[in-house]
Amino acid sequence: MRPSAHGDVPVSTVDELFGDSTAGFMHIDVEGHELDVLLGGGRVLSRDRPIFSVEAHLRREKKSNNKLFNHITALQYTVFVVHEVCGWFTDCRNLLCIPDERLGSLAGSAVLNLAVRSGVLVKVNLRNISEYTSAAPLRGFYDAGGLLSKPGQYVCNKNSRTWKSDKPCSTANTQPND
Amino acid sequence: MRFNTMLASGLLSVALSSAQHEHANLCRKPPRESTFNSIVEGLLRDGSMPPGDVLDVGANTGEWTCLYACVSPSRLVHAVDPSAKNLRLLRCADHIQNVRKARLALSAVGGYNITGPGKGAWATASYRLRADAAVGPRRRSGEHR
(Lines give C-alpha, C1' and ligand atoms only; values in the text may rest on other atoms or scores of the structure.)
Protein backbone atom coordinates (compact mmCIF):
# COMPACT_ATOMS: atom_id res chain seq x y z
CA MET A 1 0.00 0.00 0.00
CA ARG A 2 1.16 3.52 -0.73
CA PRO A 3 0.63 6.57 1.49
CA SER A 4 -2.46 8.49 0.42
CA ALA A 5 -2.54 12.23 -0.15
CA HIS A 6 -4.01 12.71 3.32
CA GLY A 7 -0.88 11.60 5.12
CA ASP A 8 -2.05 8.06 5.83
CA VAL A 9 0.77 5.67 6.59
CA PRO A 10 0.77 2.07 5.40
CA VAL A 11 1.23 -0.63 8.02
CA SER A 12 3.51 -3.48 7.05
CA THR A 13 5.50 -6.26 8.70
CA VAL A 14 9.19 -7.13 9.00
CA ASP A 15 8.56 -10.27 6.93
CA GLU A 16 6.96 -8.24 4.13
CA LEU A 17 9.70 -5.61 4.22
CA PHE A 18 12.55 -8.11 3.86
CA GLY A 19 10.89 -10.49 1.41
CA ASP A 20 13.75 -12.62 0.06
CA SER A 21 16.50 -10.36 1.46
CA THR A 22 18.51 -11.57 4.43
CA ALA A 23 18.36 -9.77 7.78
CA GLY A 24 21.62 -9.36 9.71
CA PHE A 25 20.70 -6.89 12.44
CA MET A 26 17.56 -5.09 13.55
CA HIS A 27 17.22 -2.26 16.03
CA ILE A 28 13.63 -1.87 17.19
CA ASP A 29 12.68 1.27 19.09
CA VAL A 30 8.94 1.70 18.71
CA GLU A 31 7.80 2.97 22.09
CA GLY A 32 6.20 -0.14 23.50
CA HIS A 33 5.18 -1.93 20.30
CA GLU A 34 8.32 -4.03 20.07
CA LEU A 35 6.40 -7.30 20.49
CA ASP A 36 4.10 -6.46 17.56
CA VAL A 37 7.10 -5.77 15.32
CA LEU A 38 8.67 -9.12 16.31
CA LEU A 39 5.36 -10.95 15.74
CA GLY A 40 5.36 -9.56 12.20
CA GLY A 41 8.88 -10.88 11.64
CA GLY A 42 8.47 -14.55 12.55
CA ARG A 43 9.62 -15.85 9.18
CA VAL A 44 12.71 -13.60 9.01
CA LEU A 45 13.71 -14.37 12.61
CA SER A 46 13.53 -18.13 12.12
CA ARG A 47 15.08 -18.10 8.63
CA ASP A 48 17.97 -15.59 8.99
CA ARG A 49 18.52 -15.66 12.77
CA PRO A 50 19.65 -11.99 12.92
CA ILE A 51 20.92 -10.31 16.07
CA PHE A 52 18.36 -7.73 17.15
CA SER A 53 17.80 -5.16 19.87
CA VAL A 54 14.62 -3.85 21.47
CA GLU A 55 14.04 -0.96 23.83
CA ALA A 56 12.22 -1.72 27.06
CA HIS A 57 11.19 0.21 30.16
CA LEU A 58 12.10 -2.38 32.76
CA ARG A 59 10.02 -0.98 35.62
CA ARG A 60 7.26 1.03 34.02
CA GLU A 61 6.08 -1.72 31.69
CA LYS A 62 6.73 -4.92 33.61
CA LYS A 63 3.71 -6.82 32.28
CA SER A 64 4.33 -6.18 28.61
CA ASN A 65 8.04 -6.78 29.19
CA ASN A 66 7.27 -10.27 30.47
CA LYS A 67 5.33 -11.05 27.28
CA LEU A 68 8.13 -9.60 25.16
CA PHE A 69 10.81 -11.50 27.08
CA ASN A 70 8.91 -14.80 26.88
CA HIS A 71 8.43 -14.35 23.14
CA ILE A 72 12.13 -13.64 22.58
CA THR A 73 13.30 -16.64 24.60
CA ALA A 74 10.73 -18.87 22.86
CA LEU A 75 12.45 -17.91 19.60
CA GLN A 76 15.63 -19.38 21.15
CA TYR A 77 17.38 -16.09 21.68
CA THR A 78 19.54 -15.09 24.66
CA VAL A 79 18.78 -11.65 26.11
CA PHE A 80 21.47 -9.23 27.30
CA VAL A 81 20.68 -5.92 28.99
CA VAL A 82 22.86 -3.04 27.86
CA HIS A 83 23.57 -1.27 31.11
CA GLU A 84 22.94 2.26 29.87
CA VAL A 85 19.85 4.48 30.05
CA CYS A 86 18.36 4.65 26.56
CA GLY A 87 15.67 7.30 26.81
CA TRP A 88 14.01 9.94 28.85
CA PHE A 89 12.96 7.54 31.61
CA THR A 90 15.83 6.13 33.64
CA ASP A 91 14.53 2.54 33.53
CA CYS A 92 14.86 2.46 29.74
CA ARG A 93 17.34 -0.15 28.51
CA ASN A 94 18.29 -1.67 25.19
CA LEU A 95 18.02 -5.46 25.19
CA LEU A 96 20.51 -7.06 22.82
CA CYS A 97 19.12 -10.40 21.66
CA ILE A 98 21.49 -13.00 20.22
CA PRO A 99 20.42 -16.33 18.71
CA ASP A 100 21.40 -19.13 21.12
CA GLU A 101 23.23 -21.03 18.41
CA ARG A 102 25.39 -18.00 17.48
CA LEU A 103 26.75 -17.45 21.01
CA GLY A 104 29.56 -19.97 20.51
CA SER A 105 30.92 -18.29 17.41
CA LEU A 106 30.62 -14.84 19.03
CA ALA A 107 32.84 -15.83 21.94
CA GLY A 108 35.83 -14.52 19.97
CA SER A 109 34.37 -11.04 19.55
CA ALA A 110 36.59 -8.53 21.36
CA VAL A 111 33.83 -5.98 21.79
CA LEU A 112 31.37 -8.51 23.24
CA ASN A 113 33.98 -9.94 25.57
CA LEU A 114 34.93 -6.51 26.85
CA ALA A 115 31.29 -5.47 27.24
CA VAL A 116 30.32 -8.60 29.18
CA ARG A 117 33.45 -8.68 31.32
CA SER A 118 33.15 -5.00 32.23
CA GLY A 119 29.49 -5.38 33.14
CA VAL A 120 27.86 -3.11 30.55
CA LEU A 121 26.33 -6.14 28.83
CA VAL A 122 24.59 -8.52 31.22
CA LYS A 123 22.95 -11.83 30.35
CA VAL A 124 19.50 -11.85 31.99
CA ASN A 125 16.48 -14.02 32.60
CA LEU A 126 12.91 -13.05 33.39
CA ARG A 127 13.52 -13.16 37.13
CA ASN A 128 16.56 -10.87 37.38
CA ILE A 129 15.89 -8.52 34.48
CA SER A 130 14.26 -5.74 36.53
CA GLU A 131 17.24 -5.62 38.93
CA TYR A 132 19.33 -4.08 36.22
CA THR A 133 17.66 -0.71 36.39
CA SER A 134 19.48 0.19 39.60
CA ALA A 135 22.89 -1.44 39.33
CA ALA A 136 25.73 1.09 39.54
CA PRO A 137 27.43 2.88 37.97
CA LEU A 138 24.72 3.96 35.60
CA ARG A 139 25.80 4.86 32.11
CA GLY A 140 23.89 7.94 31.13
CA PHE A 141 21.79 8.64 28.11
CA TYR A 142 24.09 11.38 26.92
CA ASP A 143 27.66 11.02 25.84
CA ALA A 144 29.44 11.60 29.15
CA GLY A 145 31.69 9.14 30.89
CA GLY A 146 33.47 8.70 27.58
CA LEU A 147 37.10 9.03 26.58
CA LEU A 148 37.02 12.83 26.65
CA SER A 149 35.13 13.46 29.88
CA LYS A 150 36.71 14.44 33.18
CA PRO A 151 37.83 11.74 35.62
CA GLY A 152 34.92 10.13 37.48
CA GLN A 153 32.18 11.93 35.56
CA TYR A 154 28.99 10.43 34.22
CA VAL A 155 25.74 12.06 33.28
CA CYS A 156 23.18 11.35 35.93
CA ASN A 157 19.83 12.65 37.04
CA LYS A 158 20.03 12.42 40.82
CA ASN A 159 17.03 10.61 42.25
CA SER A 160 14.47 11.10 39.53
CA ARG A 161 12.43 8.97 37.18
CA THR A 162 13.36 11.24 34.31
CA TRP A 163 16.39 13.29 33.42
CA LYS A 164 16.57 16.69 35.04
CA SER A 165 19.58 17.92 33.15
CA ASP A 166 22.35 16.64 31.00
CA LYS A 167 25.02 18.05 33.28
CA PRO A 168 27.58 15.54 34.47
CA CYS A 169 27.78 14.57 38.10
CA SER A 170 30.09 12.27 40.00
CA THR A 171 29.83 8.47 40.04
CA ALA A 172 28.61 8.61 43.65
CA ASN A 173 25.28 10.06 42.51
CA THR A 174 24.52 7.85 39.56
CA GLN A 175 21.74 5.69 41.01
CA PRO A 176 18.20 6.85 40.34
CA ASN A 177 15.74 5.70 42.98
CA ASP A 178 12.63 5.32 40.87
CA MET B 1 51.53 22.95 -17.69
CA ARG B 2 53.13 21.63 -14.57
CA PHE B 3 51.65 24.51 -12.62
CA ASN B 4 48.22 23.66 -14.01
CA THR B 5 48.61 20.04 -12.96
CA MET B 6 49.64 21.13 -9.49
CA LEU B 7 46.70 23.52 -9.33
CA ALA B 8 44.32 20.82 -10.51
CA SER B 9 45.62 18.31 -8.00
CA GLY B 10 45.43 20.99 -5.32
CA LEU B 11 41.81 21.67 -6.17
CA LEU B 12 41.11 17.97 -6.27
CA SER B 13 42.56 17.46 -2.83
CA VAL B 14 40.52 20.37 -1.47
CA ALA B 15 37.38 18.84 -2.99
CA LEU B 16 38.28 15.45 -1.59
CA SER B 17 38.97 16.70 1.88
CA SER B 18 35.67 18.59 1.96
CA ALA B 19 33.87 15.43 0.81
CA GLN B 20 35.70 13.48 3.47
CA HIS B 21 34.77 16.12 6.00
CA GLU B 22 31.13 15.86 4.92
CA HIS B 23 31.32 12.09 5.18
CA ALA B 24 32.90 12.26 8.64
CA ASN B 25 30.12 14.61 9.70
CA LEU B 26 27.40 12.28 8.46
CA CYS B 27 29.10 9.33 10.11
CA ARG B 28 29.47 11.12 13.43
CA LYS B 29 28.62 8.82 16.29
CA PRO B 30 25.29 9.80 17.91
CA PRO B 31 25.89 11.59 21.24
CA ARG B 32 23.40 9.31 23.00
CA GLU B 33 23.40 5.59 23.83
CA SER B 34 27.16 5.46 23.23
CA THR B 35 27.56 2.13 25.02
CA PHE B 36 24.91 0.39 22.96
CA ASN B 37 26.12 1.90 19.71
CA SER B 38 29.74 1.01 20.48
CA ILE B 39 28.72 -2.63 20.91
CA VAL B 40 26.72 -2.68 17.67
CA GLU B 41 29.44 -0.83 15.76
CA GLY B 42 32.03 -3.26 17.13
CA LEU B 43 30.00 -6.26 15.98
CA LEU B 44 29.54 -4.74 12.53
CA ARG B 45 33.24 -3.91 12.22
CA ASP B 46 34.74 -7.13 13.56
CA GLY B 47 32.67 -9.35 11.30
CA SER B 48 30.62 -10.85 14.13
CA MET B 49 27.28 -9.53 12.91
CA PRO B 50 25.39 -12.16 10.88
CA PRO B 51 25.38 -11.43 7.13
CA GLY B 52 22.46 -9.46 5.70
CA ASP B 53 20.70 -6.12 5.71
CA VAL B 54 20.28 -3.86 8.72
CA LEU B 55 16.84 -2.62 9.77
CA ASP B 56 16.29 0.40 12.01
CA VAL B 57 12.62 0.46 13.07
CA GLY B 58 11.60 3.76 14.63
CA ALA B 59 14.56 5.36 12.92
CA ASN B 60 13.62 8.88 14.03
CA THR B 61 15.96 11.26 12.18
CA GLY B 62 18.38 8.47 11.41
CA GLU B 63 21.38 9.00 13.68
CA TRP B 64 21.56 5.26 14.29
CA THR B 65 20.82 4.42 10.64
CA CYS B 66 23.61 6.67 9.41
CA LEU B 67 26.13 5.20 11.85
CA TYR B 68 25.26 1.64 10.81
CA ALA B 69 25.39 2.58 7.12
CA CYS B 70 28.78 4.26 7.49
CA VAL B 71 30.46 1.42 9.37
CA SER B 72 29.06 -1.30 7.11
CA PRO B 73 29.01 0.07 3.55
CA SER B 74 28.43 -3.38 2.08
CA ARG B 75 25.06 -3.79 3.82
CA LEU B 76 21.79 -2.11 2.95
CA VAL B 77 20.44 -0.19 5.94
CA HIS B 78 16.66 0.32 6.01
CA ALA B 79 15.34 3.26 8.02
CA VAL B 80 11.65 2.81 8.83
CA ASP B 81 9.64 5.56 10.47
CA PRO B 82 6.01 6.64 10.17
CA SER B 83 6.88 10.33 10.29
CA ALA B 84 7.55 12.05 6.97
CA LYS B 85 9.26 14.85 8.85
CA ASN B 86 11.66 12.47 10.57
CA LEU B 87 12.54 10.88 7.25
CA ARG B 88 13.06 14.28 5.62
CA LEU B 89 15.57 15.05 8.37
CA LEU B 90 17.39 11.80 7.67
CA ARG B 91 19.90 13.58 5.46
CA CYS B 92 22.71 11.05 5.22
CA ALA B 93 20.50 9.09 2.81
CA ASP B 94 21.26 11.79 0.21
CA HIS B 95 25.00 11.12 0.50
CA ILE B 96 25.42 7.49 1.51
CA GLN B 97 24.46 4.94 -1.12
CA ASN B 98 23.43 2.06 1.14
CA VAL B 99 20.62 3.80 3.07
CA ARG B 100 16.98 3.09 2.18
CA LYS B 101 14.15 5.10 3.72
CA ALA B 102 10.61 3.78 4.14
CA ARG B 103 7.65 5.67 5.58
CA LEU B 104 5.91 2.75 7.22
CA ALA B 105 4.58 1.53 10.51
CA LEU B 106 5.60 -2.06 11.25
CA SER B 107 3.30 -4.27 13.26
CA ALA B 108 2.14 -7.87 13.71
CA VAL B 109 -0.02 -7.72 10.60
CA GLY B 110 0.09 -5.34 7.64
CA GLY B 111 -1.96 -4.40 4.65
CA TYR B 112 -3.93 -1.39 5.87
CA ASN B 113 -3.36 2.34 6.37
CA ILE B 114 -3.48 4.41 9.51
CA THR B 115 -3.69 8.15 9.91
CA GLY B 116 -0.24 9.67 9.97
CA PRO B 117 1.25 11.82 12.70
CA GLY B 118 0.81 15.56 12.92
CA LYS B 119 3.64 18.04 13.13
CA GLY B 120 6.52 17.51 15.52
CA ALA B 121 8.34 14.58 16.99
CA TRP B 122 5.97 14.04 19.92
CA ALA B 123 3.10 13.39 17.57
CA THR B 124 4.79 10.14 16.56
CA ALA B 125 4.11 8.53 19.92
CA SER B 126 0.37 9.27 19.84
CA TYR B 127 0.29 8.10 16.27
CA ARG B 128 1.74 4.77 17.40
CA LEU B 129 -0.96 4.44 20.03
CA ARG B 130 -3.54 4.70 17.28
CA ALA B 131 -1.66 2.06 15.32
CA ASP B 132 -1.76 -0.20 18.36
CA ALA B 133 -5.49 0.31 18.81
CA ALA B 134 -5.95 -0.86 15.24
CA VAL B 135 -4.01 -4.06 15.90
CA GLY B 136 -5.10 -5.12 19.33
CA PRO B 137 -5.31 -4.11 22.98
CA ARG B 138 -3.95 -0.71 23.74
CA ARG B 139 -0.63 -0.78 25.54
CA ARG B 140 0.94 1.96 27.53
CA SER B 141 3.37 3.79 25.33
CA GLY B 142 6.65 5.34 26.38
CA GLU B 143 8.11 8.60 25.29
CA HIS B 144 9.54 9.47 21.95
CA ARG B 145 13.25 8.83 21.82
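The values are calculated or read from the model by the stated rules, or taken from the named source; none is laboratory data. This structure is a prediction, so every number in the text was calculated from the model and none was measured. For neighbour counting, all protein chains shown are included, and Cβ atoms are generated from backbone atoms with ideal geometry for every residue, glycine included.
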Check your understanding: Out of (1) touching a Pro at 6+ places or on another chain (Cβ under 9 Å); (2) more than 7 Å from every other protein chain (Cβ to nearest Cβ), what's the single condition that is false for B:A93?
Key -> (1)
Revision key, fill the gap. A careful count of residues in segment B:34-76 that are assigned to a loop (DSSP other than H, G, I, E, B) and within 7 Å of chain A (Cβ to nearest Cβ) gives 8
Exercise for review: Take A:L58 and decide whether it is modelled with pLDDT of 95 or more and not charged (D, E, K, R).
Suggested key: no
Exercise for review: Out of A:S46, A:S21, A:S64, report the one residue that is out of contact with any strand residue (DSSP E or B) (no Cβ under 9 Å at 6 or more places or on another chain), without any contact (Cβ under 8 Å) to a residue 40 or more places away in the chain and of a type in the set (S, T, N, Q).
Suggested key: A:S46
Point to revise | Top-ranked residue of segment A:42-62 - restricted to ones that are within 8 Å of chain B (Cβ to nearest Cβ) and in a loop (DSSP other than H, G, I, E, B), ranked as nearest to A:L126 (Cα to Cα) | key: A:E61
Revision key, fill the gap. Condition set of a type in the set (D, E, K, R) and not in a helix (DSSP H, G or I), scope segment A:13-41, selection modelled with the highest pLDDT: answer is A:D20
Review point. What residue, among those in segment B:101-114 that are buried (at least 17 other Cβ atoms within 10 Å of the Cβ), more than 10 Å from A:V9 (Cβ to Cβ) and not aliphatic (A, V, I, L, M), is farthest from the other protein chains (Cβ to nearest Cβ)?
Key: B:K101
Check your understanding: Taking segment B:88-122, which residues are assigned to a loop (DSSP other than H, G, I, E, B), in contact with a helix residue (DSSP H, G or I) (Cβ under 8 Å, 6 or more places away or on another chain), modelled with pLDDT of 85 or more and small (G, A, S)?
Key -> B:S107, B:A108, B:G110
Study note, to complete from the structure: Restricted to segment B:35-63 and to residues being of a type in the set (A, V, I, L, M, F, W, C) and over 23 Å from A:G19 (Cβ atoms), the residue modelled with the lowest pLDDT is B:F36
Exercise for review: Go through (1) in a helix (DSSP H, G or I); (2) farther than 18 Å from B:V40 by Cβ and name the single condition A:L114 misses.
Suggested key: (2)
Check your understanding: What number goes with the only condition from (1) without any contact (Cβ under 8 Å) to a residue 12 or more places away in the chain; (2) surrounded by fewer than 23 Cβ atoms within 10 Å (Cβ to Cβ) that A:E16 does not pass?
Key -> (1)
Study note, to complete from the structure: Checked against (1) at pLDDT 95 or above; (2) surrounded by fewer than 18 Cβ atoms within 10 Å (Cβ to Cβ), A:P50 satisfies every condition except (2)
Review point. Of all residues in segment A:83-111, which are part of a loop (DSSP other than H, G, I, E, B) and either closer than 30 Å to A:R60 by Cβ or not assigned by TED's automatic domain parsing to the domain that holds A:L45 (or both)?
Key: A:H83, A:V85, A:C86, A:G87, A:W88, A:T90, A:D91
Review point. How many residues, within segment A:74-98, are closer than 15 Å to A:N125 by Cα and within 15 Å of the chain's Cα centre (by Cα)?
Key: 13
Check your understanding: Of all residues in segment A:103-134, how many are within 16 Å of B:G42 (Cα to Cα) and modelled with pLDDT of 90 or more?
Key -> 15
Exercise for review: Identify the single condition in (1) more than 8 Å from chain B (Cβ to nearest Cβ); (2) surrounded by fewer than 21 Cβ atoms within 10 Å (Cβ to Cβ); (3) on the phi < 0 side of the Ramachandran plot that A:E34 does not satisfy, given that it satisfies every other one.
Suggested key: (2)
